[in-house]
């Protein structure tokens, strides 16, 4: 009897497991039934004749469904997220530019999702407060241009890895919730939000909050006041007091205006008399204007020269760009102002805009805040010094605009975006794997660019000073391009200490000093970020009260041998390269050594990286394996396709 019971229990268990764990094919077909399909959608390919990886809008990684992209196909109805729970490898969903509506999809049932795109649909509901609870891997949420209403769900502000949040063009009300960390991209514009903007967002671009009449506080110009009861009618006595006060104010203003007019007339009469005097005094031959300026006859030419220079400089500062590259001098500030612009993001120093010029070239204009520590001449000298730099791993500054209250940098637009985008969420569905040789090549390029800066900007205590993954752009061939270098002389000290990477280093926090090895520390942190795929800011501990940085976290896990949990799972197949990955990990730890004296200098780092690259180039299997994986791979095994800014 006991054995019979065990058999029955086993059969029942297997039945329930089979019914609960639907195949990917069945899960997707069940999901298709919930959709209202308008016109030719391509979903006819969704049948049992072919595996899901060959269906329209399905993207796979190693044979498993990794993403759904069903955009611009007039889908209507609501989304049955429950049907997708059988897709265990699903990481990205995009239903942009459709006609979807209904209740907010229960995305939190897909806890491993990294990106959600619902832009340009017809959702007109309130999002539940707990809609994003438990979604610890989520990095991108795009809900713009719908009709979502009610308050922004508090759970969205608690997502630990969130990098992008687009809520613009909806009908959200209430206050913006307090976020736990800064985001790379966000937009709250054109809603009905109210109340003060949270402190953590007050350095962002004001345009990201426009169209919310009741929002207040920085970066907007609207101040936040205590609420007053304006509904009560003023009492008659208060009306009389108000009218009397207004009469008194008007009388005082009239008297002041009369006095100003009299003073103005006196000044005009005096000036007319002075103009009747000869321009040249008979005794000295010096003009009366020059006398007033304290200039003698022999200084006449010098005076004219200085005055012309001042006028010329003022004209340049107010109307013209100063070009640092001769091959790009075919546009000017008015061209930038007239061109169509798209905001790319807002960082700690200001916003960046992508502009399309009339000649067809795409440029990026970065607007800098907190850049007022250097005077005009010192600023321009530093810009000329940066303009003379020329290296394949530096993004050159094409031009700049200087005004006391406004500084703009103009550079070429790099279509592949930043290393931060690629590492933490901007990976396209077509290229899910950011493989090992690609990462190694990027590390090598960053090292070379950093060494060049150290050789050519020897007077700077930290020639880069702000090295982080968002300041490393990736070219078409995935070559790294460093940006935001050489800024320390121009950023005011208070802002630099608050915002720049160099001032987060152990030596500054403990001894208030920054050295050239501070850049090496930043490079070490970057190497660990590239290998682990984790953001370097903080790592909460089990007691939820203390935090550690990425270096401490790696040291706590790394015991000198291969440990799978250390490395980014999306690095893909390592093809027996574990030994080289560990070598790079050790280089990263040596760079991020807390003790400056024990820390490598940049020349030593680059030599070690070059040795590592030579070892790899000697292994023909290493490159031949990756070269055959996709078209367009370069000689370094780096993909030139698949990364975008969407």
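Listed here are the residues, each with its yes/no results for (1) assigned to a loop (DSSP other than H, G, I, E, B); (2) in contact (Cβ under 8 Å) with a residue 40 or more places away in the chain.
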site: 156; (1), (2): no, no
site: 161; (1), (2): yes, yes
site: 165; (1), (2): no, no
site: 169; (1), (2): yes, no
site: 173; (1), (2): no, no
site: 178; (1), (2): yes, no
site: 182; (1), (2): yes, yes
site: 186; (1), (2): no, yes
site: 190; (1), (2): yes, no
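Going by the conditions given, is residue 105 assigned to a loop (DSSP other than H, G, I, E, B), assigned by TED's automatic domain parsing to the domain that holds residue 28 and under 27 Å from the mean Cα position of the chain (by Cα)?
No, not satisfied.
Considering only region 58-77, state which residues are assigned to a loop (DSSP other than H, G, I, E, B) and within 15 Å of residue 116 (Cα to Cα).
Hits for region 58-77 are 70, 71.
Among the residues of region 143-154, what is the count of those that are in contact with a strand residue (DSSP E or B) (Cβ under 7 Å, 6 or more places away or on another chain) and assigned to a loop (DSSP other than H, G, I, E, B)? Reasoning before the result, please.
Of all residues in region 143-154, those in contact with a strand residue (DSSP E or B) (Cβ under 7 Å, 6 or more places away or on another chain) come to 143-144, 147-152.
With assigned to a loop (DSSP other than H, G, I, E, B) added as a condition, the list becomes 143-144, 147-148, 152.
Residues flagged as in contact with a strand residue (DSSP E or B) (Cβ under 7 Å, 6 or more places away or on another chain) and assigned to a loop (DSSP other than H, G, I, E, B) within region 143-154 amount to 5.
I'd like the residue in region 84-103 that is out of contact with any strand residue (DSSP E or B) (no Cβ under 6 Å at 6 or more places or on another chain) and touching a residue at least 40 places away in the same chain (Cβ under 8 Å) and, out of all such residues, is nearest to residue 169 (Cα to Cα).
Applying the filter and picking the extreme gives 84.
Could you grab me the full set of residues in region 608-626 that are surrounded by 14 or more Cβ atoms within 10 Å (Cβ to Cβ) and either modelled with pLDDT of 65 or more or within 24 Å of residue 524 (Cβ to Cβ) (or both)?
Within region 608-626, the subset surrounded by 14 or more Cβ atoms within 10 Å (Cβ to Cβ) is 608-609, 612-613, 616, 619, 622-623, 625-626.
Correct list: 608, 609, 612, 613, 616.
Across region 155-189, what is the total count of residues that are over 21 Å from residue 351 (Cα atoms) and surrounded by 22 or more Cβ atoms within 10 Å (Cβ to Cβ)?
Qualifying residue count for the region: 3.
Out of 81, 73, report the one residue that is under 13 Å from residue 30 (Cβ atoms) and either crowded, with 19+ Cβ neighbours inside 10 Å or free of Cβ contacts under 8 Å to residues at least 40 places away in the same chain (or both).
81
Would region 525-533 turn up any residue that is under 30 Å from residue 384 (Cβ atoms), surrounded by 19 or more Cβ atoms within 10 Å (Cβ to Cβ) and at pLDDT 95 or above?
Yes, region 525-533 has at least one match.
Between residues in region 324-343 that are more than 15 Å from residue 364 (Cα to Cα) and residues that are surrounded by fewer than 11 Cβ atoms within 10 Å (Cβ to Cβ) and modelled with pLDDT under 75, which pairs lie under 9 Å by C-beta distance while being six or more apart or on different chains?
Sorted first by the residue in region 324-343, then by its partner, the list stays empty.
Do the conditions hold for residue 565, that is, is it at pLDDT below 85, in contact with a helix residue (DSSP H, G or I) (Cβ under 7 Å, 6 or more places away or on another chain) and either in a loop (DSSP other than H, G, I, E, B) or not assigned by TED's automatic domain parsing to the domain that holds residue 138 (or both)?
Considered against the rule, which asks whether it is at pLDDT below 85, in contact with a helix residue (DSSP H, G or I) (Cβ under 7 Å, 6 or more places away or on another chain) and either in a loop (DSSP other than H, G, I, E, B) or not assigned by TED's automatic domain parsing to the domain that holds residue 138 (or both), residue 565 comes out as yes.
Can you tell me which residues in region 120-130 are farther than 14 Å from residue 79 by Cα and in contact with a strand residue (DSSP E or B) (Cβ under 6 Å, 6 or more places away or on another chain)?
If the condition is that a residue be farther than 14 Å from residue 79 by Cα and in contact with a strand residue (DSSP E or B) (Cβ under 6 Å, 6 or more places away or on another chain), then 126 is the only one that fits.
Inside region 362-376, can you point out the residues that are assigned to a loop (DSSP other than H, G, I, E, B) and touching a residue at least 40 places away in the same chain (Cβ under 8 Å)? Spell out the reasoning first.
Let us first name the residues in region 362-376 that are assigned to a loop (DSSP other than H, G, I, E, B), namely 369-375.
Once the filter is applied, which keeps residues that are assigned to a loop (DSSP other than H, G, I, E, B) and touching a residue at least 40 places away in the same chain (Cβ under 8 Å), region 362-376 yields 369, 370, 371, 372, 373, 374.
Hey, residue 121 hits all of (1) part of a strand (DSSP E or B); (2) buried (at least 20 other Cβ atoms within 10 Å of the Cβ) but one; which does it fall short on?
(1)
Can you pull out the residues in region 200-212 that are outside any loop (DSSP other than H, G, I, E, B) and either more than 17 Å from residue 370 (Cα to Cα) or at pLDDT 95 or above (or both)?
Listed by number, the residues that qualify are 207, 208, 209.
The values are calculated or read from the model by the stated rules, or taken from the named source; none is laboratory data. Just so you know, these numbers come straight off a predicted model, no measurement behind them. Cβ: placed from backbone, ideal geometry, glycine included. Neighbour counts: every protein chain shown.
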